[in-house]
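Here is the structure we will look at, set down as C-alpha cells.
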Amino acid sequence: MVEEFKKRLGKRIKIYRIQKEISQEALARKSEIHTTHLSKIENGKANITIEILYKISLSLGVKVQDLFYEPRKSQEIESYFDKFFKKDSPHSLDDKKDYCDKFFDLK
C-alpha cells in the first residue's frame, strides 16, 4: 500500500515537472536534492520527507496537496463545469452539491 502511494506521488511530481517543462536536473537543483534522489522519488523507489516534498512543491509552483491528487486538465474541468452548472442543466441542485463535495473531497 505504501509502495503504491510512493509510485503515485512520484508519478504526479513527474507529470507536473514535465508539464512545466523543467528538467530533472533543474528541479533537483532548485529543490536542493540530488538528481539521483529525485529520479528515485519520481519512480516511487525512495522515501520522501515532508521538507523535500515542500521544496519540490515550491519549485514546481504547486501546493503540496496538489501532489496528492491526479493533475486534471483545466480546460476539461472548465468545460465539464460549464455544462454541468448551466441554468438549463438537467442536473438537480442536490446532484450539483454532491458532485462538488466529491470533486473537492469535502466529505
Looking only at the range 16-53, which residues are small (Gly, Ala, Ser), in a helix (DSSP H, G or I) and over 20 Å from Gln65 (Cβ atoms)?
Ala26, Ala28, Ser39
Just to verify a result, which residue in the range 48-78, among those that are at pLDDT 95 or above and of a type in the set (S, T, N, Q), is surrounded by the most Cβ atoms within 10 Å (Cβ to Cβ)?
Ser59
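The values are calculated or read from the model by the stated rules, or taken from the named source; none is laboratory data. The model shown is predicted, which means the values in this text are computed figures rather than measured ones. Virtual Cβ from ideal backbone geometry, glycine too; neighbours counted across all protein chains shown.
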